[in-house]
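The values are calculated or read from the model by the stated rules, or taken from the named source; none is laboratory data. What you are looking at is a predicted structure, and each value in this text was computed from that prediction instead of being measured. In this analysis, Cβ positions are derived from the backbone assuming ideal geometry, glycine residues included, and neighbour counts consider all displayed protein chains.
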Amino acid sequence: MNRFTAFIIKEFRHILRDRRTLLILFGMPMAQVLLFGFVLTNEIKNAAIAIVDPSKDAQSTALIQKLASSGYFRIEKNLEAASQLDPAFKEGKIKLAVVFPPDFARQLDHDGSAPIQLLGDASDPNTATTLINYAANIIQDFSAQRKAEAVLPYQIEVQTHMLYNPELKAVYSFVPGVMTLILMLISAMMTSITIAKEKEMGTMEVLLASPLKPIQIILGKTAPYLVLSFINAIIVVLIGVFIFGMPIRGSILLLGLESALYMFVALSLGILISTRAATQQAALFMSALGLLMPTMLLSGFIFPRESMPYVLQVLGNIIPATWFNQIIKGVMIKGAGIEVLWFQTCVLGVMALVFVVLSMRNFKDRL
Amino acid sequence: MEAHVIFTDKLTKTFGSFTAVDQISFSVAAGEIFGFLGANGAGKTTALRMLSGLLKPTSGIAMVAGVDVMRHPEQVKRRIGYMSQKFSLYEDLTIRENIRFYGGIYGLSVQTIREKTKKLVDKLELGAHVDELVLRLPLGWRQKLALSVAMLHEPRIVFLDEPTSGVDPLTRRQFWDLIYEAAADGVTLMVTTHYMEEAEYCNRVSMMVDGKIEALDTPGQLKKTYNATSMDEVFRKLARG
Amino acid sequence: MQAIVVEQITKSYGAKGAVKALDGISLSVAKGELFGIIGPDGAGKTSLLRILATLILPDAGEAYLQNLHVVRDYKRLRSLLGYMPGRFSLYQDLSVQENLSFFAAVFGTRIEDNYDLIKDIYVQLEPFKNRRAGALSGGMKQKLALCCALIHKPEVLLLDEPGTGVDPVSRKEFWDMLQRLKSWGITILVSTPNMDEAELCDRVALLHNGRILAMDTPAGIRGSYERPLFAVRSDEMYRLIQDLRQWPGAYSCYAFGEYAHLALQQSLQGFDTQADSVMAELQQYLESRHHTGIEVLRAEPGVEDCFIASTKDR
């Protein structure tokens with residue numbers, strides 16, 4: 001039997017016989033897509049809000065009615081003055097406050113415009129952003145209705161006191177993010193752990209003392225995970241398409257090739273980690289801290305990159321997931337082709353090259 | 001002979017379908033050095049852990065220092081000293097810090113700990129190293145120190161799990177000097193070992209095979225019974241069944 | 001031809017080489033010899049074997065196996081050496097058969113090719129060939145590991161503490177196997193912490209704190225013991241040892257099984273003529289200390305006595 005085939009057969013036996021690994025390999029991606037898909041994209045319903053309406057006129061009442069009947073908001077408190085807001089927010093009961101001026105209807109009728117203040121509890125920025133967006137939309141809508149009914153062209157100005165206000169993402173924006181995360185997780189983490197396991201169990205000692213070349217060990221260890229990662233990618237896409245109604249507007253072939261490139265980067269990162277980690281625990285720790293956290297936090301998967309401090313944005317640029325996230329969104333949602341995504345692809349290609357060279361050079365053929 | 005300080009009756013421990021210790025019954029007198037012999041996986045360590053209150057027996061009775069191990073493991077722990085081959089001292093603490101820590105665990109006063117530290121260090125001739133990390137000590141010294149620390153609170157019973165494994169022959173004998181000395185003071189010592197010659201140093205020896213005590217007697221009597229010239233031969237005859 | 005040559009090998013670990021594992025070790029092993037490295041934990045056995053197995057680099061010194069340099073020619077060397085690390089280093093989740101065929105493939109060979117060599121050992125494993133390696137007894141694991149190390153018919157076999165974690169019966173069988181392997185012309189270097197296993201080797205080196213205390217045939221080592229030695233026993237071992245240490249002529253006294261070995265201060269030279277009178281004197285001394293069941297014999301020193309003597313002298 002060929003050395004390499006023997007190695008791969010052995011590797012598949014390890015994977016298939018270890019239920020925990022199998023569960024991590026296939027259970028976790030599915031659970032994560034579903035979890036992230038539902039948790040992160042679920043619309044906010046019945047959020048508790050406070051109203052400060054000193055004018056109490058027909059227009060303000062109508063708008064409050066509209067807010068309350070939207071289904072997004074539940075009016076928790078009707079306050080007399082804006083000064084009562086601070087304690088209410090501190091109590092944590094309300095997430096948003098809508099503050100009307102004392103003479104709302106008069107201002108609207110006379111000046112054609114009136115200010116409304118929206119205050120969000122930014123200690124939870126994502127919720128606040130979403131709520132403010134909802135409220136702003138409803139007010140916008142209300143204003144448009146009035147405009148159509150009334151002879152005079154009047155307008156309501158919406159002033160938000162939140163700097164943190166990116167575009168509201170659609171449900172399926174998270175599927176690409178999860179895919180980016182999972183491919184990194186499976187490819188890098190599992191590879192680094194499986195190599196570290198050989199070190200921990202002492203079997204690496206025997207392999208190194210044999211005529212096996214380092215490249216054979218590396219390829220033998222990574223090839224099975226490349227295959228499994230690819231299967232995982234397909235599963236994630238299928239869940240995205242059939243459960244979350246995610247479109248694939250671009251070329252499926254391109255999607256496959258780009259995913260393969262990204263997995264290659266992740267695998268070589270995994271090997272790089274394994275050259276430093278002596279135990280499975282260390283490998284897990286290093287990949288969780290060094291790969292998982294940055295991928296989740298900095299790649300634009302959960303938090304929009306546009307709103308990050310400059311330093312973090314630059315830092316995000318060296319994370320493969322950042323680029324793959326753009327590629328996969330481009331292909332799936334925007335239907336972009338390689339002519340648009342060539343730059344991101346090149347960046348990933350260079351990363352692949354650098355990491356492969358680095359990991360090969362670091363992979364010692366001694367203890 | 002004095003009253004029995006350790007007494008077991010059909011003591012058993014099972015892990016799932018695997019019976020690690022299978023109905024062992026024996027008793028040990030005060031001041032006795034009692035050897036637990038057997039191959040790896042014969043159940044020595046499991047038996048020792050049950051007696052020291054670290055592991056709850058599945059069935060059977062075990063009385064240690066007059067306390068029922070099954071019902072009051074915490075009281076047992078307070079009355080015994082325990083030292084194992086794998087864990088004995090914190091490598092990243094100094095000798096002094098280790099002694100202080102273990103003294104603290106057993107509720108000794110600062111004054112007492114200070115006195116004991118001095119006595120212990122003098123006895124083991126470790127004076128120059130008392131503020132060095134345990135990590136830096138040779139294995140043999142570490143084991144001797146570990147035994148002394150395990151006896152800091154002056155327990156009447158001490159359990160030793162393979163205390164001399166891998167230690168050089170000279171240090172091993174110095175270690176046994178410590179064991180003899182403790183026994184001469186009336187301390188009961190229960191020792192597991194896989195060095196068959198060390199079995200000779202025990203007052204009585206029990207041979208464990210697959211969780212059962214296959215033989216229990218003085219070394220001399222065992223050799224007579226099995227018509228062997230050494231304990232090694234006794235063991236081989238027993239293991240072959 | 002010398003199959004293994006080690007010249008002044010030094011190896012340190014830790015910051016600034018704080019821990020010296022090997023301190024100028026030199027030895028040579030002839031082709032087909034069964035050579036034992038005997039020493040306690042921390043003596044440097046594993047470091048030495050790993051250097052020879054091309055797994056770690058020495059800080060200084062040279063080492064050759066079959067005339068191949070362990071650092072420069074390590075790639076060629078790896079296909080002709082068999083190495084069994086100190087811990088059980090096979091895949092626990094693979095069966096006996098799967099482990100064996102995997103290692104055969106790694107060395108570019110098949111089980112059938114060198115079956116003659118491992119046949120004796122493998123027949124004992126055959127009934128369990130579908131059992132996972134992790135579920136084997138210590139002795140069986142060791143036999144499987146030996147099979148895996150032998151599968152490519154190595155010219156040099158390096159075994160790091162093969163007896164650790166194995167019951168005495170299996171350990172004896174294991175040594176018998178090594179004796180048989182010698183007949184194939186395989187050079188074997190084996191390390192062990194058990195002094196009594198020295199007798200099973202052709203030659204041994206006693207290793208302590210990274211240095212070689214003595215290197216010779218077991219008989220040669222025993223013959224180098226310089227002091228008269230007595231085996232003494234009485235009904236109270238601990239008191240006996242203490243009393244013997246206080247005896248004016250005593251150099252050292254340690255327990256050895258059921259006897260205490262008493263070494264005298266004087267030299268062995270010309271001692272034979274005084275032996276009987278010394279023994280009578282001893283007997284008298286012990287009786288004066290109220291010992292009962294006294295027995296005093298002239299003892300042949302063992303390798304362990306020699307090891308203790310040379311560590312004590314340092």
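Residues in segment C:220-249 that are within 14 Å of chain B (Cβ to nearest Cβ), surrounded by fewer than 18 Cβ atoms within 10 Å (Cβ to Cβ) and under 18 Å from C:Gln274 (Cα atoms): C:Ala231 only. Highlighted here are the helices (runs of 4 or more DSSP H) found entirely within segment A:1-81 that include at least 1 residues which are within 20 Å of A:Ala188 (Cα to Cα) and in the same structural domain as A:Ser192 (by TED's automatic domain parsing): A:3-17, A:19-22, A:28-41.
Restricting attention to segment B:225-234 and to residues that are under 16 Å from B:Cys202 (Cα atoms) and out of contact with any Gly (no Cβ under 8 Å at 6 or more places or on another chain), the residue that is nearest to the other protein chains (Cβ to nearest Cβ) turns out to be B:Asp232. Only residues that are surrounded by 13 or more Cβ atoms within 10 Å (Cβ to Cβ), of a type in the set (A, V, I, L, M, F, W, C) and assigned to a strand (DSSP E or B) were counted in segment C:250-301, giving 9.
Please go through segment C:92-121 and pick out each residue that is more than 19 Å from C:Leu136 (Cβ to Cβ), within 11 Å of chain A (Cβ to nearest Cβ) and either out of contact with any Pro (no Cβ under 8 Å at 6 or more places or on another chain) or of a type in the set (Asp, Glu) (or both). Across segment C:92-121, the qualifying residues are C:Ala105, C:Thr109, C:Arg110.
Of all the residues in segment C:162-180, those that are in contact (Cβ under 8 Å) with a residue 40 or more places away in the chain and either more than 23 Å from B:Thr45 (Cβ to Cβ) or surrounded by fewer than 17 Cβ atoms within 10 Å (Cβ to Cβ) (or both) number 4. Please state which of the following conditions C:Ser89 fails to meet, knowing it meets all the rest: (1) within 10 Å of chain A (Cβ to nearest Cβ); (2) of a type in the set (S, T, N, Q); (3) part of a helix (DSSP H, G or I). C:Ser89 satisfies all of (1) within 10 Å of chain A (Cβ to nearest Cβ); (2) of a type in the set (S, T, N, Q); (3) part of a helix (DSSP H, G or I) except (3). Against the condition assigned by TED's automatic domain parsing to the domain that holds A:Ile75, over 30 Å from A:Met246 (Cα atoms), at pLDDT 70 or above and assigned to a helix (DSSP H, G or I), how does A:Ala135 come out, does it pass? For A:Ala135, the condition - assigned by TED's automatic domain parsing to the domain that holds A:Ile75, over 30 Å from A:Met246 (Cα atoms), at pLDDT 70 or above and assigned to a helix (DSSP H, G or I) - is not met. Please verify whether segment B:166-178 includes one or more residues that are more than 13 Å from every other protein chain (Cβ to nearest Cβ) and without any contact (Cβ under 8 Å) to a residue 24 or more places away in the chain. No, segment B:166-178 contains no residue that is more than 13 Å from every other protein chain (Cβ to nearest Cβ) and without any contact (Cβ under 8 Å) to a residue 24 or more places away in the chain. Residues in segment B:168-206 that are touching a Gly at 6+ places or on another chain (Cβ under 6 Å) and part of a helix (DSSP H, G or I): B:Thr171, B:Ala183, B:Glu197, B:Ala199. When you scan segment B:43-62, do you find a residue that is within 21 Å of B:Ile179 (Cβ to Cβ), within 14 Å of chain C (Cβ to nearest Cβ) and not hydrophobic (A, V, I, L, M, F, W, C), even just one? For segment B:43-62, residues within 21 Å of B:Ile179 (Cβ to Cβ), within 14 Å of chain C (Cβ to nearest Cβ) and not hydrophobic (A, V, I, L, M, F, W, C): present. Taken together, A:Leu16, A:Leu34 contain a single residue that is of a type outside the set (D, E, K, R), under 30 Å from C:Gly108 (Cβ atoms) and either exposed (fewer than 14 other Cβ atoms within 10 Å of the Cβ) or more than 14 Å from chain C (Cβ to nearest Cβ) (or both), which is A:Leu16. Examine segment A:350-361 for a residue that is in contact (Cβ under 8 Å) with a residue 40 or more places away in the chain, under 29 Å from A:Ile217 (Cβ atoms) and under 18 Å from the mean Cα position of the chain (by Cα), and state whether such a residue exists. Checking segment A:350-361: not a single residue is in contact (Cβ under 8 Å) with a residue 40 or more places away in the chain, under 29 Å from A:Ile217 (Cβ atoms) and under 18 Å from the mean Cα position of the chain (by Cα).
Set side by side, the residues C:Thr46, C:Thr54 differ, and just one is within 14 Å of chain B (Cβ to nearest Cβ), of a type in the set (Ser, Thr, Tyr) and touching a residue at least 24 places away in the same chain (Cβ under 8 Å), which is C:Thr46.
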